[in-house]
Amino acid sequence: MDGFWQSVALVGASELGDKTFFLSAIIAMREGKAVAFMGSMSALTVLTGASVALGNASRHLPMELLSIGGVSVVDVAAAGAFTVFGVRMLREAAAAEAAASEEKVEAENEATEALSKTSGRLGALLAAFSLVFVAELGDKSMIATVALAKDFSPGGVMAGALVGHAAATGLAVAGGSSLSGYLSPAMISRVGGA
């Protein structure tokens, strides 16, 4: 299970306190924990599978397609993205209270709008899936999963990423609003940025 623990740590840390976390918590409060967890994890599983496939495919392509002057474009892009995300999160740590509040309000507005257009459990489940799917596209955890799957076992990365997602989503669903009273947005940004 090469890459399992790296995936658990990287994905789990990057998901705490982000928009997906807030969406899952809000959906759980409005539609129930099972709907929120199943809808969120379904979207995250699809996107994680696509990220692992992309990372795994990149290792099987001819090096000439993926490198410039012998330097891997995938590695440079992943390192650049992580650096940008990390620096941005560390800068935002000082203003994290306001940023987290803004992200939470944005997530709440999106959830309210999407859930108001649905009826029944299936509608809420599909709304949860679509909200999380769109929010997660291009997220730090997707980029991390692509980069990890390029260098480690796809099975290990997939399993680890799903455990990381399940842990963060489980925390959000089980008590996201309660946890926000104990975990400061500044601390979450510092952990994510490091």
(message) Filter region 120-145 down to the residues that are over 11 Å from Met41 (Cα atoms), β-branched (Val, Ile, Thr) and modelled with pLDDT of 90 or more and list them by number.
(response) Val134, Thr145
(request) Scan (1) open to solvent by 50 Å² or more (accessible area, probe 1.4 Å); (2) modelled with pLDDT under 95; (3) closer than 14 Å to Ala167 by Cα for the single condition Arg59 breaks and write down its number. (result) (3)
(request) Report, by residue number, each residue of region 116-140 that is buried (at least 17 other Cβ atoms within 10 Å of the Cβ) and not aliphatic (A, V, I, L, M). (result) Phe129, Phe133, Glu136, Asp139, Lys140
(message) Cβ-Cβ distance below 8 Å, separation of 6 or more or different chains: which pairs start in region 1-22 with a residue that is open to solvent by less than 50 Å² (accessible area, probe 1.4 Å) and end on one that is outside any helix (DSSP H, G or I) and of a type in the set (A, V, I, L, M, F, W, C)?
(response) Gly3/Phe152; Ser7/Phe152; Gly17/Leu183
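When region 132-173 is examined, which residues are found to be in contact with a Gly (Cβ under 8 Å, 6 or more places away or on another chain) and either small (Gly, Ala, Ser) or without any contact (Cβ under 8 Å) to a residue 12 or more places away in the chain (or both)?
Ser141, Ala147, Ala149, Ser153, Gly156, Gly160, Gly164, Ala167, Ala168
Would region 40-53 turn up any residue that is at pLDDT 75 or above, open to solvent by 30 Å² or more (accessible area, probe 1.4 Å) and among the polar types (S, T, N, Q)?
Yes: one or more hits.
The values are calculated or read from the model by the stated rules, or taken from the named source; none is laboratory data. Since the structure is predicted, the reported quantities are computational estimates derived from the model, not experimental observations. Neighbour counts run over all protein chains shown; Cβ positions are idealised from the backbone, glycine included. Areas reflect the complete protein model, heavy atoms only, side chains present, ligands, DNA and RNA absent. Shrake-Rupley method; radii C 1.70, N 1.55, O 1.52, S 1.80 Å.
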